[in-house]
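Okay, structure first, notes after.
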There are 2 protein chains.
Amino acid sequence: MVRTPLTPWERQRGERFGALLRQARGDRSMVEIAAAAGVSAETLRKIETGRAPTPAFFTVSALAAALEVSLDELAAACVQDSDFGDQALSA
Amino acid sequence: MVRTPLTPWERQRGERFGALLRQARGDRSMVEIAAAAGVSAETLRKIETGRAPTPAFFTVSALAAALEVSLDELAAACVQDSDFGDQALSA
DNA sequence: CATGTCCGTGATACTAATACCGGTATAAGA
DNA sequence: TCTTATACCGGTATTAGTATCACGGACATG
């Protein structure tokens, strides 16, 4: 095996991450935010639903800018409630 | 064409991003930082050399945590000197 | 009721990220 | 000199992100 498949923990983290983005989006439409971030609406939808659990850094950066949220807060919020911050280290 | 290939601008942004990470790493070794972040040394090297111009968000997040740098500062630093901050927006 | 629009979704296609392997170069130390 | 450690490079394999296409539901308007 060359590329490690995503662990269940990583997928759960992706779901939490997507939920955070959806919450930050509020009542604004997906296409509006996606257009503002320069990504396709389907990509945003996959990230929000957790079907793209590990999106690209600059994609997240653009979305965070469009949503006016902090990247550090996003990253921290995805790990805080799991209390497994170093799980990736043991893998 | 389904997935848009990386533009030259995106590759240059990746090079700047990698240079920032290398600068933040200082004299510490790649394997040390890579192990602390939970990624392979080859991945870190590719990101630093710009051969992986759009790394995953959580990969960058783990590296930033290992390097003790801010994600927001990293993202901002990659766009500041290019003066094309809204290039992705017009796409 | 028919039609058009907007939004979200599922399926598919294609590119890129990640990891492992081997080889090479350079520098420090025994 | 030989060994060791670090970093760079090329190739390969596999998974995953992203975009385009096509579909269905909601909602308004004719």
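Things to note:
- Boolean, A:Thr54 is within 13 Å of DNA strand C (Cβ to nearest atom) and over 26 Å from B:Ala77 (Cα atoms): no
- In this structure, B:Glu68 does satisfy being at pLDDT below 95, more than 7 Å from DNA strand C (Cβ to nearest atom) and more than 11 Å from chain A (Cβ to nearest Cβ).
- Here A:Phe58 clears all of (1) within 14 Å of the chain's Cα centre (by Cα); (2) at pLDDT below 90 except the condition numbered (2).
- Each residue in segment B:7-22 was checked for being surrounded by 13 or more Cβ atoms within 10 Å (Cβ to Cβ) and either more than 14 Å from chain A (Cβ to nearest Cβ) or in contact with a Pro (Cβ under 9 Å, 6 or more places away or on another chain) (or both), and 10 of them qualify.
- Condition check for B:Arg25: more than 9 Å from chain A (Cβ to nearest Cβ) and free of Cβ contacts under 8 Å to residues at least 12 places away in the same chain: no
- Filtering segment A:1-53 to residues that are at pLDDT below 90 and among the aromatic types (Phe, Trp, Tyr) leaves only A:Trp9.
- Test: residue in segment B:42-63 that is touching a helix residue (DSSP H, G or I) at 6+ places or on another chain (Cβ under 8 Å), of a type in the set (Asp, Glu) and over 18 Å from A:Val39 (Cβ atoms): yes
- Top-ranked residue of segment B:28-51 - restricted to ones that are aliphatic (A, V, I, L, M) and at the interface with another protein chain (Cβ under 9 Å from one of its Cβ atoms), ranked as nearest to DNA strand C (Cβ to nearest atom): B:Val39
The values are calculated or read from the model by the stated rules, or taken from the named source; none is laboratory data. Please read all numbers here as calculations on a predicted model, not as lab measurements. With ideal geometry, Cβ positions are generated from the backbone for all residues, glycine too; neighbour counts draw on all protein chains shown.
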